[in-house]
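What follows draws every value from the coordinates through simple rules; no lab data is involved. Not measured: the values here are computed from a predicted model. Glycine also receives a Cβ, built like all others from the backbone with ideal geometry; neighbour counts cover every protein chain displayed.
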Amino acid sequence: MTDMDSMTSALAGAFRSERLVYRAIEDNEADKSFLFTQLQLDPVASALSDPSIHRPSNRKESDQRVDALIKNPLLSVIICLPGDSLNDSLPIGYVSIKELPMYQRRATLGIQIAPTYQVSRNSSLE
């Protein structure tokens, strides 16, 4: 295999892992609805992923968070279970890396998985 073939192969799978697909967060109703209904409305998932004051979320605030995820971070992706195509993939969460002021030379990492796709500590992985 040539270096170019190796690079091409690596790039072809850049947004996949063994079990997951990662895609951009889109400014559309499907992504906004998923992030609101599956993540923001769950009080435990919301409290554990957001360091701000724990309070009920509304759709307007959730949409503003999605807009910020799309516009501001170094990286924001929806985590999906793969389907037959990227359009058929099933969203289960998101990962975001947000840059803090450059002079601080650090960033924040946010990961949130919908509760129905989290593995309980009491269950076994098979």
How about the stretch 32-55: which of its residues are in contact (Cβ under 8 Å) with a residue 40 or more places away in the chain and among the aromatic types (Phe, Trp, Tyr)?
-> Phe34
For the stretch 85-101, state whether one or more residues are out of contact with any Leu (no Cβ under 6 Å at 6 or more places or on another chain), assigned to a loop (DSSP other than H, G, I, E, B) and surrounded by 11 or more Cβ atoms within 10 Å (Cβ to Cβ).
-> yes
Within the stretch 42-84, work out how many residues are over 15 Å from Tyr117 (Cβ atoms), assigned to a loop (DSSP other than H, G, I, E, B) and either under 17 Å from the mean Cα position of the chain (by Cα) or of a type outside the set (A, V, I, L, M) (or both).
-> 12
Give the residues of the stretch 54-73 that are touching a Lys or Arg at 6+ places or on another chain (Cβ under 7 Å) and surrounded by fewer than 14 Cβ atoms within 10 Å (Cβ to Cβ), sorted by residue number.
-> Asn72
